[in-house]
Each structure stands twice: as structure tokens, then as C-alpha cells.
Amino acid sequence: MAARVFNERGYDGTSMEDLARALGVTKSAIYHHVSGKTELLRQSLELAMDALFAVTREEGATTGPAIDRLEHVMRGSVRVLVEELPHVTLLLRVRGNTEVEKRALERRRRFDHLIADLVREGVVDGDIRDDVDPAVASRLLFGMVNSIVEWYKPDRGLGCEEISDTLIRIAFEGMRSSRVRNEAGDHPGP
């Protein structure tokens, strides 16, 4: 609930009174469990980052060709985003204004580096084009994943797997239909 309220009102614009009202409890009831809103922010951001890093430790992310591991991490990241939508949304909106936010941003950078490393490995393996900058490619790939927080609505029937499949298809195969690719021949295009 705290993550949802932070997302609606902004962290700085949210008071403990706002959180208590949203929860239907007193401020003292919240303070019985946490030291304050900074602690709630920390817990929310850690939940999101812990879930994302857990994906990188799954078997599909640690074994096999780099391109398959990259696909696994992307699919897992979509799953985390859908399952932990308020927390991931909050994570994507932090700007480093507090020490808690700075720590979260540092963890996000470490995650970004892991993804860029997978892209680099895919280039070395010959599975990813060598004319693509790995850091830019990883940012673009996760830009697609992260954009989901802006439009995804859990109650609209679009499932995690459908989102993942579409994202993977576009990211790994491009948007050109097979007819257009066949007509273009071997020309890689722009």
C-alpha cells in the first residue's frame, strides 16, 4: 500500500498520515512495524531489486548460450514487473534524492551491467549482431520492459506471458514480417 501511495502522491508528497489513512490504521500502528516512511521506501525498493536479481540467479539465466540467458532474464523481468507492479513502478521513478534512493539506483546500475554483459557475450558467440553497442542495446531492451509500468493494467486481461512473448518477438526478431524480410533478401536494413 505504501508503494501505491508513493506512486500516486510522490514520495516527498506523502505523509505518514496519508499512509495511515490509506491503510485504515493509525500512524502509531505503522510506527509499531517500521521506523517511518523512509523504511517503507527502502523495503519497497529492495523488494523490487531483490526480485529482479533473483531472476538472474535462475537456471535459465545462468546456463546455456548468452542470448537464451538474456531472453530468460527479460521474460523474468516482465514477470517481476507484473507481479510487483507498485514496487517496480516506484523503483523506476526514484531519482537519487535520498540515501535509500541512491542505493537503489546503484543496484539498478549493477543489474544494467549484468544485462550489457549478456549482450556482449551474445555478440562474441555470434548470436547478436556485432554492430550493436551492448550498453545501448541493454538500455533499449529494458526500456521496453520498463515502459510496461506506464500502460499495463492487471485487470484488462493481458497476461504476463503474452506481454513477454510480444516483447521477445519484437526485440529478438524485429517488427518486419517474414514476407518483408524475405523480399529484402539478406540486406540487414538500417
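What FRET efficiency do you get for ASP117 and SER28 if R0 is 35 Å and r is their Cβ-Cβ distance, rounded to the nearest 0.05? Computed FRET efficiency for ASP117 and SER28: 0.15. Projecting the Cα atoms of LEU90, TYR11, ILE128 onto the dipole axis of the chain, where Lys and Arg carry +1 and Asp and Glu carry -1 at the beta carbon, places TYR11 farthest toward the positive end. A full extension of the chain between SER15 and GLU99 corresponds to an added length of 28.4 nm, given 0.36 nm per residue minus the alpha carbon distance. Rounded to the nearest 10 degrees, the angle from helix 37-56 to the longest Cα principal axis of the chain is 20 degrees. Note on the chain: Cα convex hull, mean projected area over all directions, 12.9 nm².
Of the trypsin sites (Lys or Arg not before Pro) found in region 45-107, those in coil by DSSP whose Cβ has at most 11 other Cβ atoms within 10 Å are ARG57, ARG95. Of the residues ASP155, ASP117, ASP130, the one that moves most in a GNM of the chain with alpha-carbon contacts below 10 Å is ASP155. When the accessible area of region 16-168 is computed with all protein chains present and a 1.4 Å probe, what percentage of it is carbon and sulfur? Carbon and sulfur together cover 51 percent of it. Estimated from helices alone, the mean residue ellipticity of the chain at 222 nm is -23000 deg cm²/dmol (sum of -39500 (n - 2.57) over DSSP H runs with n ≥ 4, per residue).
The values are calculated or read from the model by the stated rules, or taken from the named source; none is laboratory data. Every value quoted in this text rests on a predicted model; they were computed, and no experiment measured them. Here the Cβ is made from the backbone with ideal geometry for all residues, glycine too, and neighbour counts use every protein chain on show. Ligands, DNA and RNA are stripped out before the accessible areas are found, and what is left, the full protein with its side chains, is counted by its heavy atoms. Shrake-Rupley method; radii C 1.70, N 1.55, O 1.52, S 1.80 Å.
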